[in-house]
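Each remark here refers to the structure printed beneath this line.
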Amino acid sequence: VKMIRDNIAAKGALASRVFMDNDANGTFSAGDQPLADIKFSADGVPIANRTDEDGLILLTGLETYRPTEVLVDRGSITDPFWIANPEGVRFIPRPGTTEIFDFPVVSTGEIDGTIYRIWSDGPNAASGVIVQLLLPDGSPYRELKTAYDGFFLFDFVPPGAYLLRISEEQLSSLGLSSDKTYDIN
């Protein structure tokens, strides 16, 4: 039980749990560990409160009827390759109401490679190629351009299934084709 002396009936509140999502299912379940000392910000302003030993935090005094974005402070997560997924939430606080959101934290990975263009005299590294990382439904997740040597790196990629391809629009505009789309799990 937590006693609060603020008049929370006139303001909005957010109750959250931050935990290491070891099975990457997005919900707190057996085998997941609460994360203590995690900080947050609301609309870019740091919040003094931190999660307790059970990974719980209660944020009170939020302005009502105004869209508010609450984010996990990435710098307060002890491992640089862990990220909150989602990193934050955007909601409209209402008077006397406490919204409840969980913030699962996952260990991320990297996807890298090198793009080559096949010429009559052999393959050469291709710079400036737009490489797309797509969700299984084909919607874009992230995209980037290859470096001078054809290298690309998607870092901080949460666990999941993805498709990797070269931008179809770029291929079309250059009159090129690619026979590869990669499933990544």
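Among the residues of the stretch 153-185, those that are of a type in the set (Gly, Ala, Ser), under 25 Å from the mean Cα position of the chain (by Cα) and surrounded by 13 or more Cβ atoms within 10 Å (Cβ to Cβ) comprise Gly160, Ser167.
Among the residues that make up the stretch 115-131, is at least one of them within 14 Å of Leu14 (Cα to Cα) and open to solvent by 60 Å² or more (accessible area, probe 1.4 Å)? Checking the stretch 115-131: not a single residue is within 14 Å of Leu14 (Cα to Cα) and open to solvent by 60 Å² or more (accessible area, probe 1.4 Å). Do we find that Ile77 is surrounded by 14 or more Cβ atoms within 10 Å (Cβ to Cβ), under 22 Å from Asp43 (Cβ atoms) and in contact (Cβ under 8 Å) with a residue 12 or more places away in the chain in this structure? Taking the combined requirement at face value, the residue satisfies it. Just checking, does the stretch 100-114 include any residue being at pLDDT 90 or above and assigned to a loop (DSSP other than H, G, I, E, B)? Scanning the stretch 100-114 turns up at least one residue that is at pLDDT 90 or above and assigned to a loop (DSSP other than H, G, I, E, B). Checking Leu134 against (1) closer than 24 Å to Asp21 by Cα; (2) out of contact with any Leu (no Cβ under 9 Å at 6 or more places or on another chain); (3) not β-branched (Val, Ile, Thr), only one condition comes out false. Which one? Of the numbered conditions (1) closer than 24 Å to Asp21 by Cα; (2) out of contact with any Leu (no Cβ under 9 Å at 6 or more places or on another chain); (3) not β-branched (Val, Ile, Thr), the odd one out for Leu134 is (2).
The residue pairs whose first member lies in the stretch 133-146 and is outside any strand (DSSP E or B), whose second member is surrounded by 12 or more Cβ atoms within 10 Å (Cβ to Cβ), and whose beta carbons are closer than 6 Å, counting only pairs six or more residues apart or on different chains, are Leu135/Tyr141; Thr146/Ile115; Thr146/Ser127; Thr146/Val129; Thr146/Phe152. Scanning the stretch 22-43 for residues that are out of contact with any helix residue (DSSP H, G or I) (no Cβ under 7 Å at 6 or more places or on another chain), open to solvent by 40 Å² or more (accessible area, probe 1.4 Å) and of a type in the set (D, E, K, R) yields Asp23, Asp43.
The values are calculated or read from the model by the stated rules, or taken from the named source; none is laboratory data. Everything numeric in this text was worked out from a predicted model, so none of it was measured. Heads up, the Cβs are rebuilt from the backbone with ideal geometry, glycines too, and the neighbour counts pull from every protein chain shown. Ligands, DNA and RNA are stripped out before the accessible areas are found, and what is left, the full protein with its side chains, is counted by its heavy atoms. Shrake-Rupley method; radii C 1.70, N 1.55, O 1.52, S 1.80 Å.
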